[in-house]
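Before any comments, here is the structure.
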Amino acid sequence: MATKTINTELLTKMFLAGAANLEAKKEFINELNVFPVPDGDTGTNMTLTIMSAAKEVSSLENPDMLSVSKAISSGSLRGARGNSGVILSQLLRGFTKEIREFKEIDVPVLAQACERARATAYKAVMKPKEGTILTVAKGIAQKAAEMAETTDDLEVFIPEVIKHAEYVLSKTPEMLPVLKEAGVVDSGGQGLLEVINGAYDAFQGKEIDYSAIEASAGTKMVKPTAQAEADIKFGYCTEFIIMVEKEFTDDDEIDFKAYLESIGDSIVCVADDDIVKIHVHTNDPGLAIQKALTYGQLSRMKIDNMREEHQEKLIKDAEKLAAQQKEEKKVTVPRKSVGFIAVSIGEGMNEIFKELGVDYIIEGGQTMNPSTEDMLTAIDEVNADHIFILPNNKNIILAANQAQMLTKDKDILVIPTKTVPQGITAVINYMPEADIDTNAETMNEEIKNVKTGQVTYAVRDTKIDDKEIHEGDIMGIGDAGILSVGQSVEETAKDMLSQLVDDDTELISLYYGQDVLEEDAAHFAEQIEELYPDVDVDAHSGGQPIYYYVLSVE
């Protein structure tokens, strides 16, 4: 009998099953991640992202499609980590925006949701690269649209879409040479496929292990938390799947369970068609594996040392205690008069702010705007009567202002810095001997003397500021708009500087991004010195993503 709709209850189960499957496969996905990204492994980042949403979904009472959709979207957006996590959150955001107004989801709605997910994710990425999770999402959307023209049966629609997603994923090494060289598929695309596979398992009514979701949501305790290492009778948690080569009868199941009980405990033996799922705690995993091999081939073998996990728990408990002690220490530290909070966009920028005496750095900026909640957390951490907040981005000023309004026990002063160079100038001009109002006035005036230029690339064709811009062009962006467009980072930056530097200019500060080599930045600084011999030129490692250079002219 055909299945033509998905109601709220089934959607919830499917989403949580997708999250659980991703969590279970995160280490496998991490191993596929061949890129030296600074923000963590793909599997871990995607799992933390979706688990944030799963926690919100699990906490809902009497959910409807709208509330589930909002929980998935808001939870994943707030919990997004790393590029892969951000893209996953955007896919979920687009998907749920399409389904939220429906009581039930049918094939046409599901196809539209897949397309909206794709469009939302592509729009969110500055320079989409094929051979990634985006490519897999696009393949899903295309196949979904195609299948929607031929069937209204979800039992036909979903497996065909998954089959095509697997095909697209298998082609990612042909699109990215680094994947082909490493002999792996794209890790983000694999992560997305694991979410969908988990959801499909729930759609089919298969047994799902939701323990990771329950632990994350705090709905029940999955394991005793105070078990001593000496109390662990069987030290290895052993899991695998038997792909049986002949019928696995009820007698086989009884005999195998009896054998497992003779070598361990916590036994799970579930037969499902031509596979058998096994879980056992034992001191000799090899015995369980040898016996299982008499029934067929094995896959997805996983052996964890529970005594080692206990040691890791002790370490985590110690870290938690240290954090508590740090919190207690914060209370005992004498409250000071003035503190600073700054939003920063790279490790180099962070270090500069710290050296200038900033108390709390919020990681964020152009690519990931911190929330009002992030601001309030920072305010809570800084034990001072008066706190200056430097948003350092025009898109963050409103969040800072809102945090100011919500804070009652401290005097919050938002200096409306729109760029990091303005923020640096504001801190440099702080005078400890002057009162708060005088300092605020001085900083507000001094940041007006800072001209900022940022060098990045275009993500689409457009015409703006009387300039024809094509995707991939290098752009020099000033405080008021786009100043220069070209093909070379250095030449575009020079053109932009020619419009920023005037007869009163005394200093040019250059902050190079994470994709620029130190020697290349040093060479570029020398070129600037030759162009402007009467101006001081400083070069610093900013470490910022997306922007090759951030330049300050004063």
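Where a number appears in this text, it was derived from the coordinates with a stated rule and is not lab data. Here the structure is a predicted model, which means the values were calculated and not measured. As a convention, Cβ positions derive from the backbone with ideal geometry for all residues, glycine included, and neighbour counts pool all protein chains shown.
Here are some notes:
- According to the calculation over all Cα-Cα pairs in region 229-309, the P(r) per 10 Å bin from zero is 19, 54, 22, 5, 0 %.
- Relative intensity of region 447-519 on a log10 scale, I(q)/I(0) at q = 0.12, 0.13, 0.27, 0.28 Å⁻¹, equals -0.34, -0.40, -1.33, -1.38, per a Debye sum over C-alpha point scatterers of equal strength in the absence of solvent.
- In this structure, the amide hydrogen of G357, modeled 1.01 Å from its nitrogen in the peptide plane, lies closer than 5 angstrom to no residue at least 5 positions away or on a different chain.
- Amide N of region 100-142 lying under 14 Å from the label point, which is placed 7 angstrom from the Cα of L66 along Cα→Cβ: 100-104
- Stretching the chain fully between E445 and E526 yields a gain of 26.1 nm (0.36 nm per residue, less the alpha carbon separation).
- The amide H of H540, built 1.01 Å from its N in the peptide plane, has L510, Y511, Y512 as neighbours under 5 Å, considering only residues 5 or more places off or on other chains.
- ³J(HN,Hα) computed for each position of region 340-351 - Karplus, 6.51 cos²θ - 1.76 cosθ + 1.60, integer Hz, glycine/proline x: 10, 10, 10, 8, 10, 10, x, 4, x, 4, 4, 5
- Sparsely packed GluC sites (Glu not before Pro) within region 480-534, loop by DSSP, other Cβ within 10 Å at most 15: E506
- K354 versus K277: modelled label distance in nm, points set 7 Å from Cα along the beta carbon direction: 4.5
- The count of lysine pairs in region 116-208 whose Cα atoms are under 18 Å apart, excluding pairs fewer than 8 places apart on the same chain, comes to 11.
- A Förster distance of 22 Å, applied to the separation of the beta-carbon atoms of K123 and S74, puts the FRET efficiency at 0.75.
- Each Cα pair under 8 Å and six or more residues apart adds its sequence gap; the mean of these over the residue count of region 334-447 is a relative contact order of 25 percent.
- Converting the Cα gyration tensor eigenvalues of region 334-447 into ellipsoid dimensions via √(5λ) gives semi-axes, longest first, of 18, 17, 13 Å.
- Computed over region 8-217: relative contact order in percent, which uses C-alpha pairs under 8 Å that are six or more apart: 29
- Full extension of the chain between K246 and S262 yields a length gain of 3.3 nm, computed as 0.36 nm times the residue separation minus the alpha carbon distance.
- Per-residue Karplus couplings for region 549-554, computed as 6.51 cos²θ - 1.76 cosθ + 1.60 with θ equal to phi - 60°, are listed in order as 9, 10, 10, 10, 10, 10 Hz, Gly and Pro entered as x.
- Partner lysines for K336 [C-alpha distance under 25 Å; skip if fewer than 8 residues away on the same chain]: K326, K354, K408, K410
- FRET efficiency for D536 and R335, using Cβ-Cβ distance with R0 set to 45 Å, rounded to 0.05: 0.70
- Normalised by the number of residues in region 229-309, the average gap of Cα pairs under 8 Å and 6 or more apart makes the relative contact order 49 percent.
- A straight Cα-to-Cα reach below 12 Å connects K394 with the aspartates and glutamates D479, residues fewer than 8 places away in its own chain not being considered.
- FRET E, pair E518, D209, Förster distance 41 Å, beta-carbon r, rounded to 0.05: 0.25
- Spin-label model, I436/D152: points 7 Å from Cα along the beta carbon direction are separated by 6.6 nm.
- Cα gyration tensor, region 392-432 - rounded (a/c under 1.5), prolate or oblate: oblate
- Label-to-label distance, nm, for residues given as E9 and E160 (7 Å Cα→Cβ offset): 2.9
- Separation of region 525-554 from region 131-173 is 47 Å, based on Cα centroids.
- Gyration tensor verdict on region 8-217 (Cα atoms; rounded if a/c is under 1.5, prolate if a/b is larger than b/c, oblate otherwise): oblate
- Fewest-first ranking of T407, T44, using other Cβ atoms within 10 Å as the exposure measure: T407, T44
- For region 442-452, the Karplus equation 6.51 cos²θ - 1.76 cosθ + 1.60, evaluated at θ = phi - 60°, returns couplings of 4, 5, 4, 6, 5, 5, 5, 8, 9, 9, 10 Hz by residue, with Gly and Pro reported as x.
- Cα-based equivalent ellipsoid, region 102-152: semi-axes from gyration tensor eigenvalues, Å: 23, 13, 6
- Applying a DSSP loop filter and a limit of 13 other Cβ atoms within 10 Å to the GluC sites (Glu not before Pro) in region 103-134 leaves E130.
- Anisotropy class of region 136-208 from Cα gyration tensor, a/c 1.5 cut: oblate
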